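Structure first, then comments.
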């Protein structure tokens, strides 16, 4: 798939090593930028957007640690990924020092090309996704600004055009009024009564009664406007809220202009009121959406980083495939949730999305009612289902044409019970230790959702039962910190 190339900075004082790194990383298809010293690297960074920095620890004049410290001091580069290359045995103290300086990984010499490419690829892709999300946020902000400008322009035209004013009055969005400053008499038109939610038969227009309909926080603004006209002001404009008799609060923008006698004394004040409640609500929705997009983007990236750090594999290819599979599973559920405006996801849709990569004919049977999952539950359960499908495709019933898989689910007392039953595949033996997939599945179901996951390694096929509460108040999305802490704990217990 075509994608925008990112810049990878290679820093080393030895030309031969720089050439070797170029050869190793050429197949990634990214832009490789060369710097033969720490000072050259700093000049490049000031002129170019860099996704990943590959830097030699041992360099004359300015070594890797010192360069990393200088880079991190600049606010622009505080989150730039740095990978150290060291030709000498690095002690734990040096390693900790490197991480404190901002390194995200170490690569020992001699460099294994596949390992270096895999590490660079992961961080380059994370950088690319981050930039894409930033562009989406910027586009959203631009649309909000454009919409706000459009509404302000519309309001100005309503004030200037009598014809548009009449149309707005007919639609109940605009009203006009007149106030005799000398004797205190008020005159409202039909639109003004409609905006305030009252009728001429039930409401007597007076300063006191109008003030009673104003939102308590905006009463002082009304008094300040009166005081301003008394001290020589000739015009006023401001936003305010009204509390209708039925309890509904509406946002309005009001404009007023004074008429004076030959001596300069105010004798009349006339004005227009425009109901801008829908505009205010639209602005609130846009602001909420912008914050939600930012929150979910950060959460998704953090979860992806957790997956990268916690995945274990015997080879680079297996590692890359495992990471890509888990991130793709996360991307699929994000797509489903986005289509529902993050209201939730159907369980059957999650399962169908995980089935999509496989051509299995009639090997799989699904049975269960429609179940709507909350976003947090959907994200966690999607990752758990991905691990089950991946394991079955590698070692279980889905690894052979004779294998069969039955997935059934039901709900009772707001608890989802899901059974995963395999048969007809290779002979199953109880594993001596849990793999990462099993550990992460247990950690996510039990720690994230407060549920249970039970495995029965029968000879004829795996039987797995998941029980997940549907009404538990989980976090707004899958929590990377919880997922990583729980999975790391499983890894430590397994290795201990």
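Where a number appears in this text, it was derived from the coordinates with a stated rule and is not lab data. None of these values were measured; they are calculated from a predicted model. Using ideal geometry, Cβ is built from the backbone for each residue, glycine included, and neighbour counts are taken over all protein chains shown.
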- Assuming R0 = 35 Å, what is the FRET efficiency of residue 199 and residue 291, from their Cβ-Cβ distance, to the nearest 0.05? 0.30
- Please give the contour-minus-distance gain from residue 147 to residue 230: 0.36 nm per residue of separation, less the Cα-Cα distance, rounded to one decimal in nm. 26.2 nm
- Item | Modelled FRET efficiency - R0 22 Å, residue 23 with residue 314, Cβ distances, 0.05 increments | 0.30
- Note on the structure: If 132, 61 are placed from fewest to most neighbouring beta carbons inside 10 Å, the sequence is 61, 132
- Note on the structure: Using the Cα gyration tensor of segment 350-436, the equivalent ellipsoid's semi-axes, largest first and to the nearest Å, work out to 23, 16, 13
- Rounded to two decimals, the Debye log10 I(q)/I(0) of segment 161-275 (Cα scatterers, no solvent) at q = 0.11 Å⁻¹ is -0.35
- Potential lengthening between residue 140 and residue 73 on full extension [0.36 nm per residue; Cα-Cα distance subtracted]: 21.1 nm
- Note on the structure: Proxy exposure order for 390, 259, 273 (fewest C-beta within 10 Å first) is 259, 390, 273
- Determine the gain in length on full extension of the stretch residue 187-residue 394; use 0.36 nm per residue of separation and subtract their C-alpha separation, reporting nm with one decimal. 66.5 nm
- Nearest 0.05, what FRET efficiency do residue 208 and residue 261 give at R0 = 22 Å with Cβ-Cβ as r? 0.30
